[in-house]
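See below for the structure under consideration.
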Amino acid sequence: MSQTLFDALSARPTIAPREFRPIHISGFDREMNDFYPTPSWVTEALLKHAPLRGSVWEPCCGDGAIARVIEAHGHRVEATDLTDHGHGRSGVDFFQCDAVPAGCQAIVTNPPYGDGGTERKSRKASSQLLAFVKHAIALTEAANGQLALLVRFQWIAGQRAAAVMSGGPLDKVIVLTHRILWFDMGPATKHGQHHHCWLFFDAQRDRTRPPEIVFA
Ligand SMILES: C[S@@+](CC[C@H](N)C(=O)[O-])C[C@H]1O[C@@H](n2cnc3c(N)ncnc32)[C@H](O)[C@@H]1O
């Protein structure tokens with residue numbers, strides 16, 4: 001007996017929707033506290049174009065995805081996070097920190113974008129990332145250090161974001177020409193809709209020179 005299209009579709013194995021829902025589908029239930037581990041090639045691209053001085057603080061370390069790559073390049077990494085994702089020291093709120101940890105000369109992270117979990121539809125979402133960037137720049141200037149933040153490329157075009165970035169020692173924008181795959185779902189994997197870039201600040205940069213743009 002021939003199988004109808006309906007039979008064929010009905011016979012497909014049931015897949016829990018959340019497991020196979022690509023990130024770009026509207027309404028995707030973003031992880032609580034914006035926990036998205038960064039694939040290693042993204043950190044490799046940063047290190048290729050922005051040499052770091054000395055020890056590094058990863059203040060939103062998650063499961064250590066960024067920290068491990070930086071350590072593999074010979075830097076000591078102080079890894080902290082608000083939440084315990086199985087790596088580093090948890091219970092450390094970045095906004096409550098008034099200095100970089102002793103001995104660190106750089107901050108590197110993929111910060112929470114403020115639109116995850118319960119804050120997903122909050123009107124304050126974009127302000128939270130702005131507040132994060134402002135605070136990170138202030139700590140970097142105070143330490144005379146470096147700062148690398150992974151953000152959506154589109155984000156940097158916003159007026160408030162542009163004002164905050166211009167107020168800091170922005171040295172380089174490293175644009176990732178490949179879109180980041182946040183979840184590997186095998187054959188069902190789709191790329192996200194966003195391009196990302198690293199914003200790299202250096203308090204010791206030559207401030208008479210405009211920031212560079214690099215395509216990685
Ligand atoms: C997008 S994930 C990135 C994780 C890791 N940096 C990476 O790239 O693999 C953001 C992380 O920020 C943490 N986080 C959220 N709010 C925080 C806060 N106020 N202070 C410190 N960490 C925070 C979350 O727990 C989460 O691990």
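The values are calculated or read from the model by the stated rules, or taken from the named source; none is laboratory data. Nothing here was measured: the structure is a model prediction, and the numbers come from that model. Heads up, the Cβs are rebuilt from the backbone with ideal geometry, glycines too, and the neighbour counts pull from every protein chain shown.
So, in the range 82-112, how many residues would count as being within 7 Å of the ligand (Cβ to nearest atom), under 22 Å from ALA138 (Cβ atoms) and touching a helix residue (DSSP H, G or I) at 6+ places or on another chain (Cβ under 8 Å)? Step through it out loud before you land on a result.
Residues of the range 82-112 that are within 7 Å of the ligand (Cβ to nearest atom), as a first pass: 82-83, 85, 92-95, 109-112.
Among the residues that remain, those that are also under 22 Å from ALA138 (Cβ atoms) are: 82, 92-95, 109-112.
Add one more test, that the residue is touching a helix residue (DSSP H, G or I) at 6+ places or on another chain (Cβ under 8 Å), and what stays is 82, 94-95, 109-112.
So the answer is 7.
Just a yes or no: is a residue in the range 56-74 of a type in the set (A, V, I, L, M), part of a strand (DSSP E or B) and within 21 Å of GLN204 (Cα to Cα)?
In the first step, residues of the range 56-74 are kept if they are of a type in the set (A, V, I, L, M); the result is 56, 65-67, 69-70, 72.
If we keep only those that are part of a strand (DSSP E or B) too, we end up with 56.
Among the residues that remain, those that are also within 21 Å of GLN204 (Cα to Cα) are: 56.
Within the range 56-74, one or more residues are of a type in the set (A, V, I, L, M), part of a strand (DSSP E or B) and within 21 Å of GLN204 (Cα to Cα).
Residue check, ALA79 against (1) of a type in the set (Gly, Ala, Ser); (2) modelled with pLDDT under 85; (3) within 12 Å of the ligand (Cβ to nearest atom), all met but one. Which one?
Only one criterion is unmet by ALA79, namely (2).
Taking interchain pairs and intrachain pairs at least six residues apart, which have beta carbon atoms under 9 angstrom, with the first residue in the range 80-104 and on the phi > 0 side of the Ramachandran plot and the second polar (S, T, N, Q) and in a loop (DSSP other than H, G, I, E, B)?
GLY91/THR83
Scanning the range 145-188 for residues that are out of contact with any strand residue (DSSP E or B) (no Cβ under 8 Å at 6 or more places or on another chain) and assigned to a loop (DSSP other than H, G, I, E, B), which turns out surrounded by the fewest Cβ atoms within 10 Å (Cβ to Cβ)?
Step by step, filter the range 145-188, then rank; the result is ASP184.
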